[in-house]
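To start, the structure itself, in structure tokens.
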Amino acid sequence: MNRFFRRRIGLFFLMILFSFVAFGQQSITGKILDKISSAPVGGATLKLLNEKDSVIKSTSSDKQGSFAFQVSAGKYLIKLSNIGHQPVDKQVTITDKNVQTIFLLDPSEVVLEEIEITAGAAVALKGDTMEFDAKKFSTREFADADELIAQIPGVELDEEGNVKAHGENVTKIIVDGKEFFSTDPRIALKTLPAEIIDKVQIIDEKSEQAKFSGFDDGQRRKVINIVTKPDKKRGLFGKAASGYGDHNKFQLNSSINRFQDDQKIAVNLMGNNVNETNFAEQGRGGSRRGNNNTERGLSDTYAAAINYNNLFLNKKMDVSGDYNFRSSATDIISNSETEYILGTRANQLQQAAQTNSNKDIEHRANARIRWTLDSAQRIDFSPNLSYTSQGRSGQSASSSFRKVNDLINQSNRSNNNDNSNFNFGGDLTYMYRFRKSGRTVSVNVSGNKSTNDALGKNLALTQYYKEGLVSRIDTNNNQSVTNGYGSGFSSRLALTENLSQRTRLQLNYSFRNTTNYSDRQTFEFLAETGQLGELSERLSNEFRNDYNYHKGGLSLSYNKKDSLRIQVGLSYQHGIRNNDRTFPINLVTKADFGSFHPELSVTYNFNKERRLEFNYNTNTNTPTINQLQDYVNNQNELRISNGNPNLEQEYNHSVKVQYKDVKRTTGQSFNSSLDFNYTNDKIVNSVLMTDTAMVLFDDVVLGAGGQYTVPVNVDGAYSVRLTNSFGVPIKKWKLNLNLNNSMYYNSNFAVLNGDFLNGYSYGLQQRVGLSTNINKRFVSGVNYRINLTFTNNPIATTPTYKVYSHTLNHTLNYEFLKSIVFNSSLLYIYNSGVLNAPGTKTLLWNASLGKKLFKRQNAEIALKAFDIFNNAQNINRRVTDIAVTNVMSNTLARYFMLSLNYNLRNFGK
């Protein structure tokens, strides 16, 4: 009996205790609705943060969009995120009453921060984003991000660090959804350590207006977003390296980064004389992935880059900016041999030797401000600024032959050119969402202004031969001064309205204006005195070009949630072009352009792992001022060119079909895209080639063996390209297999001596990559690539030319005896021969042996050897519509270097 009463009394006091606790607790309840359809949003993630920004609770909304938190009195922040909607933050204050709230979510394209991957997923697909788990790829300790990115299926890095994903150029690398060195995306991959990367996202990014309104405007760009690990978002990290070797080779580079959650500051510096021409190449010591860049030569480079990111105004304003400086000096020595394959010049040969000295200085700055004024309004502003200065000086000697001993002409020339360009501009977008579901308005305005100044000096002596004897000697000694400017303004207004729960309408209007001006003055040097003579009217020109475009249209969108999206639209564009030549003869011409622009896009999601997209768009391309300007450029009297003020604008049809398939648990991914482009009024060169001297104008003579080139319009040019990428981890052997291939077919057009030529080219590229995923102490990879190109012209002496190359690359990083590190990169290249020349084989081996230092082993002293076999060479073999060319140039030779590297890692502070 006593035991019974004790239990009852204990239960009574326990009930009283729970009553007091419950009395001190209040509830936050609410519903989550889609702002356009008013449908409940289930599965949304809600996190409850206290005043110290610590997450104390989290939950998800149910199928009815409802959620609830039990909390005590105080101030809280609710952070809500859901795939397909923009994230929302809401402040809540709890006193002695329960709080009810409603979240109305704005739809959005896949927002970078929203993508959530279930635990263990190696790869995932959502909307326009394919995401890879960085843990599934291995890199050496203290490796840069580019070593990890290069292992991602469908991603390729070229010799200069440029990135391609699924066959398209990556225009921007962003970090945690924020801008990061947007002036040069290659810098980001050399700034971030691979070890801080959690996810890698490949995104088909749309414009800000398209993401806000939900209507595709046809503007797409490939972007890679690097998601950092949660414990690596705060800290100080970086690297420093120096090295000195034989032949006075040196290398210096450093990077320091400070991440404090939303605030990111990064500074990069570099200097070297080992052909590391940009930040993407630092650490390679001039080693390359190929050997066909004959314009590379030998370079000294100094560069600096700074980036800043932060959030202001209670995290409603996202501010980012970066600045990039580069100064380089390059010396190039090249020899070329060209065989012409068409017309009367078939089987003619040209041999040339050139030396060039180039100096470049670049300043580039970008900024971006994204300001969320409130839940209905947003502003996006992106200014940019750049200045470039170029100096070019060179000497060349060339000879043309009908046969080996039948000389046509010989030319010796020297030239000096200086050019500077200043450009600034900006892009501003304002977006507003009305209270009525689905009704939005957005306005985009962009503009730019540029100036260009150039000074050129040219001296050439050309001898023409007939039956082995000199028949004429021409001397060309002049100076040209060019001053020009350009400006542009464009705007776009878009209005959207819901017609039903699944159907939306968009009205859009855009206006664009461009103005370009160029004043070219050419003076001949007087042979008697060596001084400048009078202005040469034939070789001078003052020209202004103005374009005005008006475009209006409508689009209709049908969206069945998570499965099907269809958009169809039609717009009409009317353009007016004014050409005003004021010197040497006043001439004003005017042209009107009118064209319809249909569009169609279809997206079908089979499930969360498979997606099919179809996009059809049309666009126009206007001729450049250099193509329009009626100016005779005879700086090289064997290669005279002129403009064409009567050029029409190009009208292009683009079709893209893309299929994506991933297996979230196994990590297998497949991406395939088919691109078709068809162009009317395509701008191509019309080439006049002659075996005898020909008078082009009163005082301009095209010598024997020369070419005169003018741009013209042709119809019917088209190209087809199929690109595939496949990646799968082989878990049994701890390997990652990547397969990438592309096939293309181009219909080529040219005009030769008035005859229309319709040739074509096609080719195949296949790449196979295999990399280990064992641990950081043993990282190895093998890559094989074959390029095969066919060029066909039915009227050529040899109708079909075949050029192919094989590339095999093996990399190894092996750490043994706890602190000894061996690195090796072995590259084999085979290029097929042209012009009856044999194929060339190149074997390049770079290796280093180093010792780790200090307790944390974050420093290393190493002896590095580059091109151990001393086999490096630059060879470029190419086939055009009228000729086959073989070019060889100087390149960086074998050298040894002693280097010291230090890596800074201090996270969590």
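Every number here is computed from the coordinates shown, using simple stated rules; none is lab data. This is a predicted model, so every value here is computed, not measured. Glycine also receives a Cβ, built like all others from the backbone with ideal geometry; neighbour counts cover every protein chain displayed.
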#### Entry: Computed over the chain: relative contact order in percent, which uses C-alpha pairs under 8 Å that are six or more apart
9
## Note on the structure
Nearest-0.05 FRET efficiency for THR95 and VAL782 at R0 = 56 Å, using Cβ-Cβ distance, is 0.25
### Task
Note down the nm distance, to one decimal, between modelled labels 7 Å out along Cα→Cβ at LEU764 and at ASP331.
4.4
### Task
Using only Cα atoms, tell me the angle between helix 2-24 and the longest principal axis of the chain; keep it within 0 to 90° and round to the nearest 10.
40
### Task
Report Rg/Rh for the stretch 227-377, rounded to two decimals, where Rg is the Cα radius of gyration and Rh the Kirkwood radius.
1.18
### Task
Report the FRET efficiency, 1/(1 + (r/R0)^6), for LEU532 and ASN578, where r is their Cβ-Cβ distance and R0 is 25 Å, rounded to 0.05.
0.15
### Potential lengthening between VAL701 and ALA353 on full extension [0.36 nm per residue; Cα-Cα distance subtracted]
122.9 nm
## Note on the structure
Burial-style ranking of 165-173, 585-593, 259-267, 690-698, average other-beta-carbon count within 10 Å with highest first, yields 165-173, 259-267, 690-698, 585-593
### Task
May I ask you to order 385-396, 520-531 by the average number of other C-beta atoms within 10 Å around their residues, highest value first?
385-396, 520-531
### Summary
The Rg/Rh figure for the chain, Cα atoms and Kirkwood Rh, to two decimals is 1.01
### Query
Between ARG392 and THR624, what length comes free when the chain is fully extended (0.36 nm per residue of separation minus the Cα-Cα distance, one decimal in nm)?
81.2 nm
